Amino acid sequence: MQLKRKIIGFIGLILAMFMGSLDATIVNIALPDIMKDLGSSLTNTSWVATIYVLAMASFIITAAKLADIFGRKKVMLIGIVLFGAFSFACMTAKTLEFLIIYRAFQGIGGAILTPIILPMGVELFGKLNTSKITACMGAFSALAAASGPAIGGFIINYSNYHWIFGINVPISIVAFMMVAFGTEESYDSSIEKYIDWAGVLLLTIFLGMLCFGLLEGREYGWTSSMIITSFVVSGITLILFVIAELKVKSPIINLKLFREKTFSSSCFIYMVFGFAIIDPSLILNYFFTEC
């Protein structure tokens with residue numbers, strides 16, 4: 001493949017990754033406007049941001065495996081179409097319920113985009129350039145996450161919150177054409193073709209119930225039957241998830257990896273980093289906007 005074509009394909013991958021990372025933070029600054037427009041509370045509206053990250057976390061590993069089995073380029077193009085289509089749906093949503101549903105599907109699209117980009121980049125430029133490709137993608141991913149509130153504020157200032165979602169539509173069209181033209185199909189023939197759907201389901205229920213309890217605890221009351229039930233279901237599904245992952249031949253999460261101290265500590269640090277970045281941004285963006 002010609003170098004120019006590879007560069008076009010790589011730029012398309014960067015654009016796809018930029019969209020996925022941007023939408024994890026750009027929506028937070030729009031929450032006050034969404035609340036006013038749709039007549040909802042902050043607790044309920046915060047699901048617009050939470051459901052996206054929740055869908056990504058639940059489906060990201062499965063998406064990577066599906067891409068390795070059925071073809072990375074094919075799955076990537078499906079992910080871009082899914083992300084762009086539901087970005088348009090979010091842009092035109094008239095109720096909070098539909099907006100949350102559309103954001104969930106947008107999150108699945110983001111889960112498809114995120115893990116496939118690195119192996120596709122390596123496929124374009126070879127394993128010898130893996131460190132350079134990783135550094136480039138990491139830099140643009142961090143830039144997207146950090147610039148989300150600033151870009152969102154600019155859009156709201158000169159237009160309205162609908163275009164926070166709508167901005168993804170032209171980007172997804174350009175990214176689709178670039179990836180379709182500038183990349184070739186690739187697979188991973190060394191992996192197991194078994195997909196741990198039970199693990200996906202249990203992980204989704206665990207994360208969903210945990211998030212529901214934490215978000216709605218103040219609304220329903222921390223000692224209410226609804227919140228206690230959500231935490232109990234979350235705990236039970238976590239136990240079932242661990243048992244299932246220890247028994248299946250190709251688990252969605254290989255729990256044996258946590259025996260490595262470096263891996264476990266890095267996961268813990270990344271979790272703390274996530275709480276430190278996402279939680280304050282939600283609260284501060286809301287109160288600074290309202291002030």
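Of note:
- In the range 156-169, residue nearest to Thr92 (Cα to Cα) [restricted to those that are in contact (Cβ under 8 Å) with a residue 60 or more places away in the chain and in a helix (DSSP H, G or I)]: His162
- For the range 233-263, the set of residues classified as farther than 13 Å from Ile205 by Cα and small (Gly, Ala, Ser) consists of Ala244, Ser250, listed by residue number.
- Residues that are part of a helix (DSSP H, G or I) and without any contact (Cβ under 8 Å) to a residue 40 or more places away in the chain do not occur anywhere in the range 38-57.
- Selected residue [surrounded by fewer than 21 Cβ atoms within 10 Å (Cβ to Cβ), at pLDDT 85 or above, within 30 Å of Gly182 (Cβ to Cβ) and among the small types (Gly, Ala, Ser)] from Gly71, Gly79, Gly12: Gly71
- Test result for Thr223, outside any helix (DSSP H, G or I), over 24 Å from Pro119 (Cβ atoms), β-branched (Val, Ile, Thr) and free of Cβ contacts under 8 Å to residues at least 24 places away in the same chain: yes
- Yes/no for Ser172 being among the hydroxyl-bearing types (Ser, Thr, Tyr), touching a helix residue (DSSP H, G or I) at 6+ places or on another chain (Cβ under 6 Å), more than 30 Å from Pro251 (Cβ to Cβ) and not in a loop (DSSP other than H, G, I, E, B): yes
- Residue match in the range 65-75 (condition: within 27 Å of Ala135 (Cα to Cα), assigned to a helix (DSSP H, G or I) and of a type in the set (Asp, Glu)): yes
- Check on Tyr187, surrounded by 18 or more Cβ atoms within 10 Å (Cβ to Cβ) and either closer than 26 Å to Met76 by Cα or modelled with pLDDT of 85 or more (or both): no
- Residues located in the range 203-227, provided they are closer than 13 Å to Ile61 by Cβ and among the hydrophobic types (A, V, I, L, M, F, W, C): Leu203, Leu207
- Residue within the range 185-192 that is in a helix (DSSP H, G or I) and of a type in the set (A, V, I, L, M, F, W, C) present: no
- Candidate set: the range 82-116, residues that are part of a helix (DSSP H, G or I) and among the charged types (D, E, K, R); chosen: the one surrounded by the most Cβ atoms within 10 Å (Cβ to Cβ): Arg103
- Residue match in the range 38-45 (condition: more than 13 Å from the chain's Cα centre (by Cα) and buried (at least 22 other Cβ atoms within 10 Å of the Cβ)): yes
The values are calculated or read from the model by the stated rules, or taken from the named source; none is laboratory data. Since the structure is predicted, the reported quantities are computational estimates derived from the model, not experimental observations. In this analysis, Cβ positions are derived from the backbone assuming ideal geometry, glycine residues included, and neighbour counts consider all displayed protein chains.
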